[in-house]
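Colleague: Here it is: the structure, laid out below.
The values are calculated or read from the model by the stated rules, or taken from the named source; none is laboratory data. Quick caveat, the model's predicted, so the values are computed rather than measured. Quick reminder, even Gly has a Cβ in these numbers, built from the backbone with ideal geometry, and neighbours come from all protein chains shown. Heavy atoms of the whole protein, side chains included, go into the accessibility calculation; ligands, DNA and RNA do not. Shrake-Rupley method; radii C 1.70, N 1.55, O 1.52, S 1.80 Å.
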Amino acid sequence: GTATVSQVGSVPVTVVNPTPGGGTSNAISVTVVNTSTSSSGSTGILTGNVGGQTVDLAYVPQPSFGTVAVINVDATSPTGALVTPIVMPSGYTPNATAANPATSQVIVISYSSPAIELIDATRNTITKELIAPVTAFAGYSGGACQICGAVIDPVSGSAVLDTAQGTILLNLATGAFSPAWPT
């Protein structure tokens, strides 16, 4: 769900069982972490290591800060949740991430740019920037985008890019883009 900045910290949540006659469970506490002051697209999640512990790490775009926050989603306190911010190139606005568990690689897209940033999730550093063959913008209710979404197929090692010019595949091993399939 969505929380406000005033809800950062521990928030009690009551869950209603949707099965017939299920009733209400006990309240549990959920930790809310402030990772961004503006909206973002999808978030890539990978298994990683923090302090010798295997944890799930979320790569959360922070458009207003020009960073991708690496968040330990298994953290038991809000102060231990932020692992590191990854600073994007100057002027780049990260809007969505997608993760490849097979290669520990994360891609970052920006709605306002054809550039794709590649992150090595074992070191949490940007390793390469690729420029997609996209020159047009597609309008939607919240604005416009060149690359509007991305998912990764870990079996083929390709990123599937939803762009203003159609669907494009990006081979993450070679950096090669397919021709666009109009949608």
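Colleague: Within the bounds of the stretch 165-172, is there any residue that is open to solvent by 70 Å² or more (accessible area, probe 1.4 Å) and either hydroxyl-bearing (Ser, Thr, Tyr) or part of a loop (DSSP other than H, G, I, E, B) (or both)?
Modeller: Taking every residue of the stretch 165-172 in turn, none turns out to be open to solvent by 70 Å² or more (accessible area, probe 1.4 Å) and either hydroxyl-bearing (Ser, Thr, Tyr) or part of a loop (DSSP other than H, G, I, E, B) (or both).
Colleague: Would you mind finding the one in Thr167, Thr97, Thr135, Thr174 that is farther than 17 Å from Tyr59 by Cα, touching a strand residue (DSSP E or B) at 6+ places or on another chain (Cβ under 6 Å) and of a type in the set (Val, Ile, Thr)?
Modeller: Thr167
Colleague: Pull out all pairs, ordered by first then second residue, where Cβ-Cβ is under 8 Å, the residues are six or more apart or on different chains, the first lies in the stretch 163-183 and is farther than 19 Å from Ala99 by Cβ, and the second is acidic (Asp, Glu).
Modeller: Here the result reads Thr183/Asp162, each pair linking the stretch 163-183 to a residue that is acidic (Asp, Glu).
Colleague: Write out, first by first residue and then by second, each pair whose Cβ atoms fall under 9 Å of each other, whose residues are 6+ apart or on separate chains, and whose first residue, in the stretch 142-155, is closer than 24 Å to Ala102 by Cβ while the second is open to solvent by 60 Å² or more (accessible area, probe 1.4 Å) and assigned to a strand (DSSP E or B).
Modeller: The qualifying pairs are Ile147/Asp162; Gly149/Asp162; Ala150/Asp162; Val151/Asp162.
Colleague: Here is a further query. So Lys128 passes all but one of these: (1) surrounded by fewer than 22 Cβ atoms within 10 Å (Cβ to Cβ); (2) without any contact (Cβ under 8 Å) to a residue 40 or more places away in the chain. Which condition number does it fail?
Modeller: Of everything listed in (1) surrounded by fewer than 22 Cβ atoms within 10 Å (Cβ to Cβ); (2) without any contact (Cβ under 8 Å) to a residue 40 or more places away in the chain, Lys128 misses just condition (2).
Colleague: With the condition kept exactly as written, say whether any residue in the stretch 126-137 is part of a loop (DSSP other than H, G, I, E, B), among the aromatic types (Phe, Trp, Tyr) and either modelled with pLDDT of 95 or more or farther than 25 Å from Ile86 by Cα (or both).
Modeller: Within the stretch 126-137, one or more residues are part of a loop (DSSP other than H, G, I, E, B), among the aromatic types (Phe, Trp, Tyr) and either modelled with pLDDT of 95 or more or farther than 25 Å from Ile86 by Cα (or both).
Colleague: Among the residues of the stretch 138-163, write down those that are in contact with a Cys (Cβ under 7 Å, 6 or more places away or on another chain) and at pLDDT below 95.
Modeller: Once the filter is applied, which keeps residues that are in contact with a Cys (Cβ under 7 Å, 6 or more places away or on another chain) and at pLDDT below 95, the stretch 138-163 yields only Ala138.
Colleague: Which pairs do you get when a residue that is closer than 20 Å to Cys148 by Cβ and free of Cβ contacts under 8 Å to residues at least 24 places away in the same chain, found in the stretch 95-120, comes within reach of a residue that is of a type in the set (Val, Ile, Thr) and surrounded by fewer than 23 Cβ atoms within 10 Å (Cβ to Cβ), reach meaning Cβ atoms under 8 angstrom, with the pair 6+ apart or on two chains?
Modeller: none
Colleague: What strands (runs of 3 or more DSSP E) lie completely within the stretch 38-89 and have 3 or more residues being surrounded by 19 or more Cβ atoms within 10 Å (Cβ to Cβ) and not hydrophobic (A, V, I, L, M, F, W, C)?
Modeller: Those strands (runs of 3 or more DSSP E) span 53-62.
Colleague: Name the single residue, out of those in the stretch 90-103 being under 23 Å from Asn171 (Cβ atoms) and of a type in the set (S, T, N, Q), that is most open to solvent (accessible area, probe 1.4 Å).
Modeller: Among residues in the stretch 90-103 that are under 23 Å from Asn171 (Cβ atoms) and of a type in the set (S, T, N, Q), the one most open to solvent (accessible area, probe 1.4 Å) is Thr103.
Colleague: Residues that are more than 17 Å from Val60 (Cβ to Cβ), among the small types (Gly, Ala, Ser), under 19 Å from the mean Cα position of the chain (by Cα) and assigned to a strand (DSSP E or B): does the stretch 150-159 have at least one?
Modeller: yes
So that you can scan it fast, the table gives a plain yes or no per residue for (1) at pLDDT 95 or above; (2) of a type outside the set (Phe, Trp, Tyr); (3) over 14 Å from Asn124 (Cβ atoms):
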position: Val50; (1), (2), (3): no, yes, no
position: Gln53; (1), (2), (3): no, yes, yes
position: Val60; (1), (2), (3): yes, yes, no
position: Ser64; (1), (2), (3): no, yes, yes
position: Asn72; (1), (2), (3): yes, yes, no
